[in-house]
Amino acid sequence: MQDQVSLSAGIGNFYECVELAREQGLGIELFAFSLPSVLDGEWRKLDKEYRAALAALPGPVTMHGPFMDLVSGSPDERINMVCYGRYEHVIRIAAGLGARQVVFHANYIGLLHNDFYRQGWHQRNVDFWGPLGDYARAYGVVVAIENMWEFDPTIIGNLLRELDHPYLKACIDVGHATLFSDPDVTFADWLETLAPWVTELHMNNNNGVMDEHYGFDWDQGVLDYAQLLPELRQLPNKPLMVLEMDRVEDMKTSLRYFDL
């Protein structure tokens, strides 16, 4: 079975990514609409440009939503209103561009391991994501919740299990899981815990210290994708594998790992 692969396209390399996607039969994940400067600026102009460029794309279109300084399920309702506004805006843009899903971060404060914070976070985020899932369903866009600072996959897994919403899924960022998990949490734990909901993967390499977005063959990388890919292919719902890398050249060299 062929792998389903997409390229994470930023503003600076968008057209180069689209050209590679057309050559190789890949999809595109748009990063531009995660930026406040775009959402508060000429996003309509960019939307028009992207519609034309993506018209003949062979693979799916997805989007990375805004994340900088956003806190879903905040104890402060004014903060929640800002998050809702940002997320709903991007869901509408995604629907207009024909994007099938949008990725948002889970926004757990990873340095807080106490039960009081975790229990409060869980309930506040049940209340936050449930209505957003309904909003996304109205536009036909799936929301995939991505791990960032979360040290344990059950933080997101328990949330999705309780929500049990067809338009709320999971995105596993392989690099984040490697960097920020507790010492006793393995990557296999992430796959097993989130398997029922995983619809997307973010893939790159890092040095085990910093969240860097290098290619699979980076000589300082700690991730062995020759070993990881067979495990990822065992997920029950075939996920979209997104090459979230800064350089298009790294994406090109990493494509040899996939069955395309």
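A few comments on the model shown:
- Every helix of 4 or more DSSP H residues in the chain counts as -39500 (n - 2.57), and over all residues that averages to -13500 deg cm²/dmol at 222 nm.
- Rounded to the nearest 20 debye, dipole of the chain from Cβ charges on Lys, Arg, Asp, Glu: 1040
- The chain: relative contact order as a whole-number percent, Cα under 8 Å and 6+ apart: 18
- Surface composition of the chain: carbon plus sulfur atoms hold 52% of the accessible area, using a 1.4 angstrom probe and ignoring ligands, DNA and RNA.
- Rolling a 1.4 angstrom probe over the protein heavy atoms with all chains in place gives the chain an accessible area of 45 Å² per residue.
- Across the range 22-94, counting alpha-carbon atoms alone, Rg and Dmax equal 14.3, 47 Å.
- Compared with the alpha-carbon gap, the fully stretched path from Arg161 to Lys45 is longer by 37.9 nm at 0.36 nm per residue.
- Each principal axis of the range 16-159 carries a Cα extent, and these read 50, 30, 26 Å when sorted largest first.
- Directionally averaged shadow of the range 141-260, computed from the convex hull of its alpha-carbon atoms, nm²: 7.5
- Estimated from the Cβ-Cβ distance and a Förster radius of 35 angstrom, the FRET efficiency linking Ala188 and Arg247 is about 0.75.
- The chain - Debye-derived log10 I(q)/I(0), Cα point model, q = 0.09, 0.12, 0.17 Å⁻¹: -0.37, -0.68, -1.44
- Across the range 96-149, Cα-Cα pairs farther apart than 15 Å form 56% of the total.
The values are calculated or read from the model by the stated rules, or taken from the named source; none is laboratory data. These numbers come from a predicted model, not from an experiment. Note that we place each Cβ from the backbone using ideal geometry, even for glycine, and neighbour counts take in every protein chain shown. SASA here: full protein model, heavy atoms, side chains in, ligands and nucleic acids out. Shrake-Rupley method; radii C 1.70, N 1.55, O 1.52, S 1.80 Å.
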